[in-house]
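The values are calculated or read from the model by the stated rules, or taken from the named source; none is laboratory data. Model, not experiment: these values are computed from the prediction. Cβ: placed from backbone, ideal geometry, glycine included. Neighbour counts: every protein chain shown. Only protein heavy atoms, including side chains, enter the accessible area calculation; ligands, DNA and RNA are left aside. Shrake-Rupley method; radii C 1.70, N 1.55, O 1.52, S 1.80 Å.
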Amino acid sequence: MKSHKNNHKYSVIVMVTFASLLLTACGGSGSGSDDDGGPVSSGSALNAGAGGPTGAVGDCAADAGGVNWDALMTKTCRNLSDYGLFQDPTDPTANPAKGGVAYDLSVALFSDYTTKYRFVFIPEGEKAVYRASEALSFPLGTVITKTFALPENTAFRDGNEQVIETRLLIHREHGWVAIPYYWASAEDATLAITGKSLPDMTTNHNGMDLTFTYSVPKASDCTSCHSIVPLLQGPNDKREPIFLPIGPKARFLNKDHQYANGTVYNQLLYWAEGEILQGLPADMAAVEKAPLFDELTTPDALDDNELMATAKGYLDVNCAHCHRSRLTLPDDYAGPAGGSGLQLEYNRPYVDDPSKFGTCKTAVAGGHPDYSADVVPQDAGDSYLLFRMSTNDNRHRMPELGRAVVHQEGAALIETWINRLPEASCSPTP
Amino acid sequence: MVRESSWRRWPAVIAVSVGILISGCGEDGDDGARGPAGTAALEQSVTTTSGFAIPGDAVFVAPDAVSGDDITEEMLLALFDVPDDSVVVLPKGRFTVSETITVNSANGLTLTGYGINETLLDFSTADGDDAIRFEGGIDVTIRDLGVYEAKKNGIKTVSANGVHMAYTATVWEGELESDNGAYGLYPLQSQNILVENNYAYGSADAGIYVGQSNNIVVRNNIAKNNVAGIEIENSTMADVYNNLVVGNTGGILAFDLPGLEQAYGGNVRIFNNDVYANNAENVGSGAVGIIPPGTGVLVFAASDVEVYNNDITENETTAISIASYFLSDNDVANYPANYGASMNQGWSPLVKNIYLHDNVISRNGGDPRGALITDIVAGYTSAGNASGMPQTMPAILYGGIGELLSNLDQLSGFNALVGADAANDGVDYDAYDAGDQICANSNINGNPAPDYANVNTGLVYGTTMATASFDGDGNPVPSLLIDQMVNNTYLNCVQNRLPPAVVNFKNNLYGCAGDDLAEPACSL
């Protein structure tokens, strides 16, 4: 399906034609869940009638009567509304244009207690392909939107909130691109290539007012988190970073979602049966599943296995976009911070090499005299990793981007996890 | 690229094309919204203070900015999705930059100011960590500017092939303090790295640090008042020469640390450097926190290192210190548990094939100290050493415990941990053979009389049954051997010379086998 650089317009047309041929050939076939074939669509698909890129150069001003696919594929428009992704262009939190599907994650990247609204738009006739441990393989033309809103009170995520920004991930011909939009007014969001710094943002969390400077990321920041980098294999290795989505992995999608019409259903099954996902194993027990974690989870109530899985899920989605290496990535690729030796992927067994999770590992770059190792099992107070999650000092703060306040519940989870890890050589002697 | 004949006519053209590009950013940019920012102005000069000729088609960032202005937004716009082979020029003056500047996958980019003292970027109020960070990229140049008060690292590259840092300063002003950021110039996991004519001052970690990289030349730099002056870590094919390294806690370091993606380094040559008075107290943390203040050159758990023809002067603990990882972690029994995966990849706590020769060693050891070596210092400076009388701290100090344990066949169990690739590369835990040894000869005693006798070689542990000491249980204990450095008996051997590093940058070769063929240091 990958088309050549010089004649992509034609090959997209060919592709579309090809898809419709297949549509004829496979018309009436059932669920796509065990279908290994090419693009298939039917009237009941979630993206039926959504349209898709035509291969033509788009126009930000065009009224596409729905998603403005050609503009998404070829233009960086000034206004979010130019892309026609939402029925109400002033509300990116609900009612996507035809083809948009809401989703959420079992455990999410912490972003200063904001509420996030996610939608995926897959062109009509196309499907994502299941992958066991990496982000699903989304077809060209796929658009993912994520809107961040700061609630007045984190206990009541009922719409009493300030919509701040909407980030787009677009799968264009030469790879994914990210474009940030900032809601400067209630009317529309505008392109924010250089980000935005918003002082004096306030939310009430557990009865305490948190006031902080919220950072809308720069476009280049998007790449910082979303890129994997080559582990260069010699002086002539000139491979480049690869841009990838982070959240939509099977393990985070493998949970129930309450859809706008009230339906509650497992998201992966919903996508498969809605013909926007293929290759999902018939046996859902074989699909990775990160435990649910949110502000109401009580770490102390988890048994050791649940705690390990929950902590790993949290570390994965908050850290492992950078702190990862190899495993299920393309050969000799890693996250930008994989080289630190701290590698926190959910699909990396802790027991295989606890030092990858920081156990008894001296910080290579940086460090702090008060903490003897990244993770000191059974002594969270001596663990640099927990300190880095719990400080706002730029020199030490982790994650580097997107966090101005401490995620108290996340820190509590990791504190509990460290204190209940199996004893290691650096653990305090009883 | 340089069109000298007609540069004066360029600015107007640039202004027009930049204007088009700016509107393109919002309305009809293609993938990624290219949008070089700023407008061009007639400049008084088109060469930087180092002589770099700025081409007429360069992108001039905020050319009208005056000192004190915040140029963050202009920098971000100019460097976002920057076209191949761009020259991006930062203005003259001292400017505020309030966020991390990240540059992704730049190809052929030159980021330049007007000079190391002309274009200063002040990150002291930044809400970010690193000052400038390059992710990916091919043949990237950073030159003629200064980065001040970075919150974390100064200039970092990760996974770049072709990095040229020149006439660039990374500075934390004032006293050396623990919150002075992290690394200054910081190529990581990169290839073909040329770091030359830079000034690295005041880092709480290493002023110049090259990590997990290959094919590296670090020359003609000044590293001053950092915890570590220049550090080469888990890197191969590195030449460090003609640098002035002064006032740091430790001057020049070759480290191999466990747990990293590139498990080990090698073929590091440190030569013809001035390593002077590196006596700053250690305010660092993490790996560099172990460096004893007053250390000239430190080889730590690294192998295949040649240190020669350096002037190593007035470092108050030792001129050259060589230690296995057992110095910082002597829990040998737990190495498989703690470092097994790294050892599988070839990391080793041992030091092997270290060759020290023709260094001029003068007036070192005047005030030896360091938390990690308190007992060693106490032994040498009291009667508690092999000579039975107080001594000046050895100018060349070798730990020896790793070699002794190897020679006693107490580490051969680790051989089973070594993966096939590493084993094929020669990693083992057998008794040291001739090629593994630590050798020091032809070093020159630069002390004046009457202190001439005070330039010594010391071995903390004897490395053979004849020289080692044992307690009643048969466990090795420090011998604290000492001998004169000139014609010493303990490290009296010769190793093969190491081949030079070669940097290929934009298809030109740099280093002793490249542009420096005629450089005197390269024929030493």
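Details
- Each label point was placed 7 Å from the Cα along the Cα-to-Cβ direction; for residue A:285 and residue B:467 their separation is 6.5 nm.
- Shielding by partners, peptide B:143-153 (average Cβ within 10 angstrom, other chains): 2
- Equivalent ellipsoid semi-axes - Cα gyration tensor, the protein assembly as shown, angstrom: 52, 33, 25
- Expressed as a whole percent, the accessible area of the protein assembly as shown that falls on carbon and sulfur atoms is 50 (1.4 Å probe).
- With DNA, RNA and ligands ignored, accessible area of residue B:171 (1.4 Å probe; Å², nearest 10): 10
- Formal net charge of residues neighbouring residue B:166 (Cβ-Cβ distance under 11 Å; K, R +1; D, E -1): 0
- Rounded tilt (10° steps) of A:304-319 against the dominant C-alpha axis of chain A: 60
- Violating pairs (Cα-Cα greater than 28 angstrom) within the set A:249/A:356; A:116/A:289; A:98/A:146; A:249/B:151: A:249/B:151
- Drop in accessible area of at least 30 Å² in the complex versus isolated chain, residues of the range A:336-384, 1.4 Å probe: A:336, A:339, A:353, A:362, A:364, A:365, A:366
- Label point at residue B:492 placed 7 Å out along Cα→Cβ; residues across the range B:359-398 whose backbone nitrogen lies under 16 Å: none
- Loop-located GluC sites (Glu not before Pro) in the range A:338-430 (DSSP state other than H, G, I, E, B) with a sparse environment of at most 12 neighbouring Cβ atoms within 10 Å: A:423.
- Nearest 10 degrees, 0 to 90: helix A:8-26 Cα axis against chain A principal axis: 80
- Sites residue B:506 and residue B:49, calculated FRET efficiency, Cβ-Cβ separation with R0 30 Å, nearest 0.05: 0.85
- Reported to the nearest whole Å, the Cα centre-to-centre distance from the range B:438-509 to the range B:53-67 is 52.
- Alpha-carbon centroid distance for the pair the range A:72-91 / the range A:250-275, whole angstrom: 25
- Heavy-atom accessible surface that A and B bury in contact, both chains counted, 1.4 Å, Å² to 100: 4500
- If you sort the three axes of the alpha carbon gyration tensor as a ≥ b ≥ c, you get a/c of 1.5 or more for the range B:176-228 and a/b no higher than b/c, which makes it oblate.
- Two-site FRET efficiency, residue B:442 against residue B:375, from Cβ-Cβ distance with R₀ of 30 Å, rounded to 0.05: 0.45
- Label-to-label distance, nm, for residues given as residue B:175 and residue B:124 (7 Å Cα→Cβ offset): 1.6
- Think of a 1.4 Å ball rolled over the protein heavy atoms: chain A then has 40 Å² of accessible area per residue.
- Scattering from the range A:5-286 was approximated by placing one identical point on each alpha carbon and applying the Debye formula without solvent; log10 I(q)/I(0) at 0.11, 0.13, 0.17 1/Å stands at -0.67, -0.94, -1.52.
- Within chain B, helices built from complete DSSP H runs that reach 24 Å or longer along their own axis (Cα positions) and carry a mean Kyte-Doolittle hydropathy of -1.0 or higher are B:10-26.
- When the other protein chains are added to the chain by itself, burial of at least 50 square angstrom of heavy-atom accessible area (probe 1.4 Å, ligands and nucleic acids ignored) affects these residues of the range B:277-296: B:285.
- Under 12 Å of direct C-alpha separation, and excluding same-chain neighbours fewer than eight residues apart, residue A:75 reaches these aspartates and glutamates: A:59, B:27, B:28, B:30, B:31.
- Our estimate of slack between residue B:518 and residue B:64, defined as 0.36 nm per intervening residue step minus the Cα-Cα distance, is 159.2 nm.
- Here the Karplus relation 6.51 cos²θ - 1.76 cosθ + 1.60, evaluated at θ = phi - 60°, turns the backbone of the range B:124-140 into coupling constants of 5, 10, 5, 9, x, 10, 5, 7, 10, 9, 9, 10, x, x, 10, 6, 9 Hz, with x for every Gly and Pro.
- Label-to-label distance, nm, for residues given as residue A:174 and residue B:274 (7 Å Cα→Cβ offset): 4.8
- The range B:124-207: GluC sites (Glu not before Pro) in DSSP loop, at most 15 other beta carbons within 10 Å: B:173, B:175, B:177
- Comparing mean-square fluctuations of A:341, A:175, A:51 from a GNM of chain A with C-alpha springs under 10 Å, the top value falls on A:175.
- Summed side-chain charge close to residue A:381 - residues other than residue A:381 whose Cβ falls under 15 Å, Lys, Arg +1, Asp, Glu -1: -3
- The heavy atoms of residue A:356 offer some 40 square angstrom of accessible surface to a 1.4 angstrom probe.
- Mean separation of Cα pairs under 8 Å and 6 or more residues apart, divided by the residue count, gives the range A:5-286 a relative contact order of 20 percent.
- Across B:133, B:94, the residue with the most accessible area heads the list, and the full order at a 1.4 Å probe is B:94, B:133.
- The calculated 222 nm mean residue ellipticity attributable to helices in the protein assembly as shown amounts to -4000 deg cm²/dmol, summing -39500 (n - 2.57) over DSSP H runs of n ≥ 4 and dividing by all residues.
- Overall dimensions of the range B:294-380 as given by Cα atoms, namely Rg and Dmax in Å: 15.0, 43
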